[in-house]
Amino acid sequence: MISTAFTETFGVRHPIVQGGMQWVGRAELVAAVANAGALGFITALTQPTPADLANEIARCRDLTDQPFGVNLTILPSIMPPPYDEYRQVIVDSGVKIVETAGSNPAPHLPIFHDAGIKVLHKCTTVRHAVKAQDLGVDGISIDGFECAGHPGEDDVAGLVLIPAAAEKISIPMIASGGFADARGLVAALALGADGINMGTRFMCTTESPIHQNIKEAIVAADETQTELIFRPLRNTARVASNTVSREVVEILSRGGQFEDVRDLVAGARGRTVYETGDPDAGIWTVGTSQGLIHDIPTVDELVQRMVSEAEDIIGARLRSMTERVSV
């Protein structure tokens, strides 16, 4: 077993996290992650209403007695969801871990902390990680440029970002972006993180609530088959390369604006991808780590394999290398 500041603070057995993923972070996946000894997050805004979120949390509790959390991503919007109501559902449900992302967590911290909830805040830069630490979050999730979804605009990959953040972060920190196996877990620990967050890898498991065709598409893809959309709009997002995402890139590269691609990037179309298995039905999120994914195991098989192989790398391979050097 690999014990770190993260596992001790957040009360899980393994330093592996399944972060919030729109349309994917549902009870069956989250419960499987929790039962495997890792930390899973239900994605609050996947649920159409706060009442639906309450029902999803209850459904997850029926499937596991282990700790799990809820992701609350707060983004600018013309018609924002009722964030305060979603937050209150989290508090009332008795969930004790929340992953915040998208904007400053300060308005939410007093309410969550008063309810005894630990907050893990996701960010893409060292400066934002330091600010969140100063605000009083309980842990940091630092996203490198390799990640799916929004990697920020600084384009700093994990190999530099993780140790740069570790130099300034004293609370538990997990690394995100490009992680899919034991090698990545050991590398993250060596770079100064206390664990890793995986999204794409958990999408490609038996319990993941997306169509089998999409899981197989991830296995078949390599690390080059993603697109960075919205770059000219300074709102970069990494998604799967398909006919829709390539069209979006082309339109925006010619000077188009969001209104010109609004229909192409509609969230409902992305949801259709996961439901129907048509990888060209819309925009869907995936990271460069798909190049490291070659199978579709159960969540338990994945987590146990990663932990076992990581222990072997740390305990045998690295020790063997050290012995060679000392001879």
Given (i) 26.5, 93; (ii) 25.4, 98; (iii) 19.0, 66 as possible values of Rg and Dmax of the Cα atoms in Å, the one from the coordinates is (iii)
Yeah, the stretch 95-211 with a ≥ b ≥ c from its alpha-carbon gyration tensor (a/c under 1.5 is rounded, else prolate when a/b outruns b/c, oblate otherwise) is oblate
Simple SL model, points at 7 angstrom along Cα→Cβ for Asp278 and Arg246; separation in nm is 1.8
Answer in debye to the nearest 20: the dipole magnitude of the stretch 215-327 about its Cα centre, from +1 Lys/Arg and -1 Asp/Glu charges placed on Cβ, is 460
For the stretch 218-274, listing GluC sites (Glu not before Pro) in a DSSP loop whose Cβ sees at most 15 other Cβ atoms within 10 Å gives Glu223
Expressed in angstrom and rounded, the centroid-to-centroid distance over alpha carbons for the stretch 147-209 and the stretch 86-113 is 22
Out of Gln304, Pro105, Ala51 - ranked by how far each Cα lies towards the positive end of the dipole of the chain, with unit charges on the beta-carbon of charged residues - the top one is Pro105
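About the Cα centre, and with charges only on the beta carbon of Lys, Arg (+1) and Asp, Glu (-1), how big is the dipole of the chain? Nearest 20 debye, please.
Numbers: 26 positive and 41 negative charges, 103 e Å.
It works out to roughly 500 debye.
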Each label sits 7 Å from Cα toward the beta-carbon; between Asp134 and Glu301 the label points are separated, in nm, by 4.8
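Please state the charge dipole magnitude for the stretch 65-148, taken about the Cα centre, from unit charges on C-beta atoms (+1 on K and R, -1 on D and E), reported in debye and rounded to the nearest 20. Could the numbers behind the result be given before it?
Numbers: 6 positive and 10 negative charges, 43 e Å.
Its charge dipole is roughly 200 debye.
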Share of accessible surface on carbon and sulfur in the stretch 176-293, whole %, 1.4 Å probe and ligands ignored, is 47
Among Ile283, Ile111, Ile42, the residue with the largest mean-square fluctuation in a Gaussian network model of the chain built from Cα contacts under 10 Å is Ile111
Ranking Gly25, Thr4, Gly94 by how far each Cα lies towards the positive end of the charge dipole of the stretch 4-99 (+1 on Lys and Arg Cβ, -1 on Asp and Glu Cβ), the top one is Thr4
Charge dipole of the stretch 70-154 built from unit charges on the beta carbon (Lys, Arg +1; Asp, Glu -1), centred at mean Cα; most positive-end Cα among Gly139, Gly149, Pro81 is Gly139
Once all protein chains are kept in place, His14 shows an accessible area at probe 1.4 Å, nearest 10 Å², of 10
In whole percents, the bins of 5 Å from zero upward hold the Cα-Cα pairs of the stretch 111-173 as 4, 19, 29, 22, 15, 6, 4, 1
Checking Val17, Val126, Val249 against a Gaussian network model of the chain (alpha-carbon springs below 10 Å), the top fluctuating residue turns out to be Val249
Each label sits 7 Å from Cα toward the beta-carbon; between Ser3 and Leu75 the label points are separated, in nm, by 4.0
With DSSP loop assignment and no more than 10 other C-beta atoms within 10 Å, the trypsin sites (Lys or Arg not before Pro) in the stretch 177-248 are Arg234
Relative contact order in percent for the chain (Cα pairs under 8 Å, 6+ apart) equals 17
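What net charge do the residues around Gly178 carry, taking every other residue with its C-beta under 14 Å from that of Gly178, with Lys and Arg at +1 and Asp and Glu at -1?
Values: positive: Arg183, Arg201, Arg238; negative: Asp143, Glu146, Asp155, Asp181, Asp222, Glu223.
With Lys, Arg at +1 and Asp, Glu at -1, the neighbours total -3.
The values are calculated or read from the model by the stated rules, or taken from the named source; none is laboratory data. If you're wondering where the values come from, they're calculated on a predicted model, not measured in any experiment. Neighbour counts are summed over all protein chains in view; Cβ atoms, including those assigned to glycine, are modelled from backbone coordinates with ideal geometry. With ligands, DNA and RNA removed, areas are computed over all heavy atoms of the protein, side chains included. Shrake-Rupley method; radii C 1.70, N 1.55, O 1.52, S 1.80 Å.
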